[in-house]
Amino acid sequence: MNLSAIEHHSYDEYCYPLNENELKISLKTAKDICKVFLIWGDPFDSVKTEKKWQWKSQSIQMEEKKELEEVFIWSKKIIPPYKRCKYYFELHSENETLLFFENKILSPADFKKDPYGIQLFIFPWMNKADIIAPPKWAEETVWYQIFPARFCRSSNSQVQNVKEWADSKTPVKNKDFFGGNLEGIIEKLDYLEDLGITGLYLNPVNLSASQHKYDTTDYLQIDPEFGSKEIMKNLVDLSHKRGMKVMLDGVFNHTGWNFFAWQDLVKNRQNSAYADWYIVNDWSFNSFPSDGAASGKFFSFAFTDYMPKLNTNNPQVQDYIIGVCKKWIEDYGIDAIRLDVANELSHTFCSRLSHSLKALKKDFFIAGEVWNSAMPWLRSGEFDSVINYPLRNAIYNFAASKEKDWSSLEKEVNKCLFMYFEQTEKVLVNQMDSHDTMRFITKVNGDSDTALLAFALILSLPGSACIYYGTEVLLPGGEDPDCRRCMPWKEIEEGKFNDPRNLIKSLIALRKAHPALRSTEINFCKSAESRLVILERSDKEKGERLRCYFNFTGKGCTVKEEGKVLFAHKYKDFSLQSGGLLLFDL
């Protein structure tokens, strides 16, 4: 038995309450383990025998097993009657049985000889206040991410010196000014509602010097290029009337060069009242931005001098930012914030921000930009969610490589599903491309079948699904800033992109209608074709079970299935063409 692969902790993703009653316990083992039992009971529940007190426990098989690249993950949900649990594991390989405790791994015989030197795992108490509970509405939300400068210029825009609105094939640069604005978004709410969108996620809208607006000059002013506070409030109100939530981008890791506190610091240096709002190592830096020239004289976002880094350890900075976010809620009525460069913000600040905003609006949603494991920000509820880059990478790595088979995708997706709490998995922001990354259709060299199947997968998995503007029409675009091309409205209105848009629209409708597609109950089924992905999706509570077929083979495949066809794309008599998709109600 491979003992080095066995892992469990009585916290984080290995042991946590799903709700006030259920405790989920998981164990990692090598693949030589064929059966696992959980022996558990209340820490204080015991009976007195003739010689001693004996702990009362029960044994239950851990039947849920997920395969990762090198290991299995075994899980079981139990209901501790007194909100606390003591436990250990009984592991079976083909020729050996061992007991796994917190401090030892023993054979049953050795444990029987000396049961006193062991230490069992304990989950001490299921405190209600500590249970991870993101807003339920986020589980069903389909977000639409909008880069305001390039989404739509309103028909009544009076902006001068604006470039002609570009088509889908025209690359763009950072400084290109096309005049997209908030009124333009309002004019396209009918389009978004028809698509099935239930959440708007807006990239920064505050006064900034650039077109991307991540160099904030004033957090309390809407950039005049986009509109006014009144127009922003109107956008939120009209979105709410259509059942759409609104999420703003909170850029608090850094400010722009022209932000009032930084300007005071540039002028007065170490004598500034805001000297500790930033992290300055050498006060001799230039009085104007020049990327990379500071060379550590002060810290900035990456090495971008015109975006100096805020010191979020400073209570004054924390108070200021929390005040900004409260104003956004009070003035506009927003429902959520996406935190930019969230992994560089101090935990103290993130904790204070979460408590303050949820005290103001109980079901407020906070998502962080964290590209790797985000457990440090999620375990204590600092964030409700993060952008799910690991899932995006897993799907891309499979979709773009013709050599990888369906089981490699299964292992990568299972790894993603084990990263966090089940409640968190239901609200992770899942998207295939964004303002920071090359457009997915471009990454797969224009292969529309592969791209659409990847988006279909995203819409068939648990999480808060997110579509980057233009994804539904397979808008191309290279690395930043070319991934921020103009939304090609003229071509859309001419019907050029009807096929991909109608497919995405249908998939969104299916996701909203079938809770199994949003559930965390997922099984990959064996497939005779190496790149035919077969997912079984279930929701036991709703009594629904679906089977989904995604044909990544590049050729036709025949499907033999009993059940009601819910949806079919590129198929005839259960034969999927290349790029085909089938959903069955079982």
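The values are calculated or read from the model by the stated rules, or taken from the named source; none is laboratory data. As the structure is a computational prediction, the values presented were derived from the model and not from experiment. Neighbour counts are summed over all protein chains in view; Cβ atoms, including those assigned to glycine, are modelled from backbone coordinates with ideal geometry. Quick note on the areas: whole protein, heavy atoms, side chains included, nothing else; ligands and nucleic acids left out. Shrake-Rupley method; radii C 1.70, N 1.55, O 1.52, S 1.80 Å.
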Could you point to the residue in Ser527, Leu3, His240 farthest towards the positive end of the chain's charge dipole, with +1 and -1 charges on the Cβ of Lys/Arg and Asp/Glu respectively? Leu3
Using a simple charge model, +1 on the beta-carbon of Lys and Arg, -1 on the beta-carbon of Asp and Glu, nothing else, what dipole does region 206-321 show about its Cα centre, in debye to the nearest 20? 280
Once each part is reduced to its C-alpha centroid, what is the distance from region 422-447 to region 1-43 in angstrom? 31
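Applying a 10 Å radius around every beta-carbon, put 533-540, 335-342, 78-85 in order of their mean neighbour count, most first.
Working: 533-540: 19.4, 335-342: 24.1, 78-85: 16.0.
Per-residue mean Cβ counts within 10 Å order the peptides as 335-342, 533-540, 78-85.
Quick one: if the Förster radius is 25 Å, what FRET efficiency do Ser287 and Lys229 give, using the C-beta to C-beta distance and rounding to 0.05?
0.20
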May I ask you to compute the full-extension gain from Ile39 to Ala568, defined as 0.36 nm times their residue separation minus their alpha-carbon distance, rounded to one decimal in nm? 185.9 nm
Expressed as a whole-number percentage, the relative contact order of the chain with C-alpha contacts under 8 angstrom and at least six residues apart is 11
Using a 1.4 Å probe on the protein heavy atoms only, what accessible surface does Phe260 show? Give it in Å² to the nearest 10. 90
The chain - percent of accessible surface contributed by carbon and sulfur, probe 1.4 Å: 48
Cβ-Cβ FRET estimate between Trp125 and Asn445, R0 fixed at 60 Å, reported to 0.05: 0.65
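Step by step: find N for region 1-75, compute 2.2 N^0.38 Å, then divide the Cα radius of gyration by it. What's the final number?
Working: Rg = 15.0 Å, N = 75, 2.2 N^0.38 = 11.3 Å.
Against the compact-globule rule of thumb, the ratio is 1.32.
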Using 0.36 nm times the number of residues separating Glu521 and Asp585, minus their current alpha carbon distance, what extension gain do you get? 21.5 nm
Skip the ligands, DNA and RNA, and give the accessible area per residue of region 1-118 with a 1.4 Å probe, whole Å². 56
Figure the gain on full extension for Ile279 and Asp319 (residue separation times 0.36 nm, minus the Cα-Cα span) and round it to one decimal in nm. 12.7 nm
For n ≥ 4 DSSP H runs only, could you compute -39500 (n - 2.57) per run for the chain, divide by its residues and tell me the 222 nm figure to the nearest 500? -7000 deg cm²/dmol
C-alpha center-to-center spacing [region 503-548, region 231-307] in angstrom: 43
How do 136-143, 197-204, 151-158, 464-471 rank on mean C-beta neighbours within 10 Å, highest first? 464-471, 197-204, 136-143, 151-158
Anchor Lys65: lysines whose Cα lies under 21 Å away (excluding residues fewer than 8 positions away in-chain): Lys24, Lys28, Lys31, Lys35, Lys76, Lys77, Lys411, Lys415, Lys426, Lys526, Lys540
Using a cut-off of 14 Å between beta-carbons, work out the net charge of the residues near Gly563 (Lys and Arg +1, Asp and Glu -1, Gly563 not included). 0
Under 16 Å between alpha carbons - lysine pairs in region 80-232 that sit 8 or more apart or on different chains: 8
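Please give the per residue accessible area of region 335-376, computed with a probe of 1.4 Å over protein heavy atoms only, in Å².
On the way: 1550 Å² over 42 residues.
Value for region 335-376: 37 Å² per residue.
Using a Förster radius of 25 Å, what is the FRET efficiency between Asp110 and Ile60 based on their Cβ-Cβ separation? Nearest 0.05, please.
0.60
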Sequence-distant or interchain residues sharing an amide H contact under 5 Å with Ser575, placed H: which? Val559
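Return one whole number: the accessible area per residue of region 412-472 in Å², for a 1.4 Å probe.
Result: 19 Å² per residue.
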Label-point separation (nm) for Lys267 and Ser4, each offset 7 Å from Cα along Cα-to-Cβ? 6.2
Given Lys402/Lys555; Lys542/Lys564; Lys241/Lys496, the pairs whose alpha carbons are separated by over 23 Å: Lys241/Lys496
Using the Karplus curve 6.51 cos²θ - 1.76 cosθ + 1.60 with θ = phi - 60°, what ³J(HN,Hα) values do you get for each residue of region 118-124, in whole Hz, with x for Gly and Pro? 9, 10, 7, 6, 9, 9, x
